[in-house]
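Computed from the coordinates by the stated procedures, all read-outs in this text should not be read as laboratory data. Predicted model, so just to flag it, every value in this text is computed and none were measured. Cβ placement follows ideal geometry from the backbone for every residue including glycine, while neighbour counts extend to all protein chains displayed.
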Amino acid sequence: MSDAVATQAEPAESRTAPAGSAKTLLTRRRTYVITACALLLLALPFYLDRFWLQAGLFAMAAAIGAIGLNLLTGATGQLSMGHAFFLAVGAYGYCVFAGERGQEINGLGLPPWLAAVLAVLVAGVAGGLFSPIAGRLKGAYLGIATLALIFIGQHVLFNAENLTGGANGRDVPAMSLFGLTFDESEITVANVPFGSAEKLWYLGLVLTLGCGLFARGVLRGRPGRAMNAIRDHRIAAGVLGVPVARYRGAVFVLSSMYAGLAGVLLALVFQRTVPDYFGITLSLEYLAMIVIGGLGSVAGAVVGAAFVSLLPQLLTRYSDALPLVSAPGTGGVAPGEASRYLYGAAVVAVVLFLPGGLVQLAARRARKHPQEDA
Amino acid sequence: MSDVSTFLELLLNGVSMGSVYALIALGFVVIFRATEVVNFAHASLLLAGGYVTASLHDDIGFWPALGVGIAAAAVVGAAVEFLVMRRYRGHDHSVLAIVTIGVDILLTTELTRRLGTDVLTLGDPWGDAVLTVGGVSIAHTRIAAFVAAALLITAFLLTFRYTSWGVAMRAAAESSETAALMGVRLGRVSLGAWAVAGGLAAVAALFLTVFPTPGLERATSLAALKAFPAAILGGLDSTTGALVGGLIVGVTESLATGYQSELAFMGRGLGDLAPYLVMTLILLLRPSGLFGTKELARV
């Protein structure tokens, strides 16, 4: 998947990027900001402990899923409450394809990279099967219809025990790519022991970057214009020759493939998949992400994903130091609940006072100081 | 027990549960018609009403507690409209639907935190009494649910048809701009819609938590979610649709649960899934629901 994304993203990128010479590239402040961020992200595994690396990996997986949902909800205006279902398809699909043939739980024993690609494709097919509905229903109607996916998903996860392990879930086989296995067998790079979290970090970075660039290409190109037209005025879009139902169906499939990939990455980080995780709360979290970050843009999805998925981790880590927040079971507000209050309130506040999401704050600053960016 | 009486029992239970779902779906449709907003916070309004009733009934008795619960849910609904929905300056109704998701996250988190792992009873007077007529037995609670829902729905439909509030509501649903020009105060209409929806949800909360279900618990909000398929398979903008949709969901759920052993190849817990399967099937055939307004534009 990552290869396919990278090769397809490049032409779209070169087509939409301004024909800037090397000089303008060097004088733009943005270039330096991006380079600094990239270096920071590459260096982090050498300094952070496992807890923060895992938190970061959750954020990356969430970012991939949120980018996909933002293509559907933000750019095309189609609400989906069924994103958790496609995450589950990706996660469990990977386990089934890559898992060894066991006593009680079946697996196909395929190479992990192939299993990951197949899992993403299966998520796409699942989205395609739903597209007769996804293509014909609009906005919030689709949101309710996709609720069905959550319940179907939960039903299958709990009942197809020889594939999913039932309520106890199943172990996730480690990823291996070009002879490198992403498990706990430690290799040492520059005196830092590299376990699974460190290795996965780089895989996560590559996948997130590829997914982000591909989505940016889609949004800035012809399909993106068509999607925005459908969102803003469906009939006008149809009159202009945009095949509305086909586009809606196609975006739904694309978005479910993104969710599938996010599911694969999540499974690799968790190392065990359990059905309870893929419930309706997860879908709501993803919707909260894209609204908080900013609807309709890749940056918005990434910012929102970081916000929503890092918040509970931060609160858990520092629950002793924070007022009102206490460890679960002690009667106070548990970190998980505290973070739900925060992002629930953030969704409401962002829509009312900052309709473009958090990325709009950055855009406003850029508009105030145009000379820096020009 | 014969096959026929089993079937009749399941059918009656289904109709009774269906009328409760219809109550919830009706509130949902009322909000949609008045404001074009799909209210995903509906389940949490229901939970709020149920919680207030459950925590008061010991001190002030069941009926006053139910009254306070209904009023509280109506106030919560109106507050959501007044404090949140009215402040939105944009025009995109699916963004407003997402706001209601934010509200739902807030309310549900607060209520489930208060509930914890408790199962609260609402102190209803029916208990676990069962009425048996000709081999068919049905719980008193189920009869009460059906009667109450039927009365409320009739009262609501009459109000909707004959009072000036109902006329204003229908006018706003038909064309909000024209209604505003004719002197209908849209703010008041949508405030009223949210309050009514909250009140209906609180009544439904009572009947979702009485015998044979154990009581008000975290999972109650999941049961309340079944009103969504009820509303959409009937057609979101149709009150008739909400009633028929509610009955379809209730009966399907009851039959699927009752004949679970015959349908064992589909796995356990089929009853919870059945309403959603039916919704998917109906939407495949009729995208705007059974009674919903068909879209005239074909693009």
Using the Cα gyration tensor of the protein assembly as shown, with a ≥ b ≥ c the square roots of its eigenvalues, what is the shape: rounded (a/c below 1.5), prolate (a/b larger than b/c) or oblate (neither)? prolate
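How high is the relative contact order of region B:121-170? Use alpha-carbon pairs under 8 Å, at least six apart in sequence, and give a whole percent.
After rounding, I find 19 percent.
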For A:Ile235 and A:Gln360, extending 7 Å from Cα along the Cα-Cβ vector and measuring point to point gives, in nm, a value of 2.8
Cβ-based exposure ranking for B:His140, B:His91, B:His57, in which fewest neighbours within 10 Å come first: B:His91, B:His140, B:His57
Which of A:Phe58, A:Phe252 has the fewest other C-beta atoms within 10 Å, and how do the rest follow up to the most? A:Phe58, A:Phe252
Neighbouring Cβ atoms within 10 Å as the yardstick, rank B:Ile101, B:Ile24 fewest first. B:Ile101, B:Ile24
Using only Cα atoms, find the angle between the long axis of helix B:62-83 and the longest principal axis of chain B, and express it within 0 to 90 degrees, rounded to the nearest 10. 30
Please check: in the Gaussian network model of chain A (C-alpha springs, under 10 Å), which one of A:Cys211, A:Cys95, A:Cys37 has the largest mean-square fluctuation. A:Cys37
For A:Thr35 and A:Arg272, extending 7 Å from Cα along the Cα-Cβ vector and measuring point to point gives, in nm, a value of 4.6
Rounded to the nearest 20 debye, what is the charge dipole size of region A:2-279 about its Cα centre when +1 sits on each Lys and Arg Cβ and -1 on each Asp and Glu Cβ? 1580
From the square roots a ≥ b ≥ c of the eigenvalues of the alpha-carbon gyration tensor of chain A, which class results: rounded (a/c under 1.5), prolate (a/b over b/c), or oblate? rounded
Within 10 Å of each Cβ in B:279-287, the average number of Cβ atoms from other chains: 4
Taking only Cα atoms and a 10 Å spring cutoff, compute GNM fluctuations for chain B and point out the largest among B:Leu26, B:Leu83, B:Leu283. B:Leu83
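Please compute, for peptide B:225-236, the average count of beta-carbon atoms on other protein chains lying within 10 Å of each residue's beta-carbon.
Partner Cβ neighbours, averaged per residue: 3.
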Cross-link candidates for B:Lys294: which aspartates and glutamates have Cα within less than 20 Å, leaving aside residues fewer than 8 places away along the same chain? B:Glu36, B:Glu174, B:Asp237
Give the peptides A:303-313, A:139-149 in descending order of average Cβ contacts within 10 Å, highest first. A:139-149, A:303-313
Shielding of B:90-96 by other chains, given as the mean Cβ count within 10 Å, works out to 5
Which of B:Phe291, A:Gly65, B:Ser164, positive extreme of dipole for the protein assembly as shown (C-beta unit charges): B:Ser164
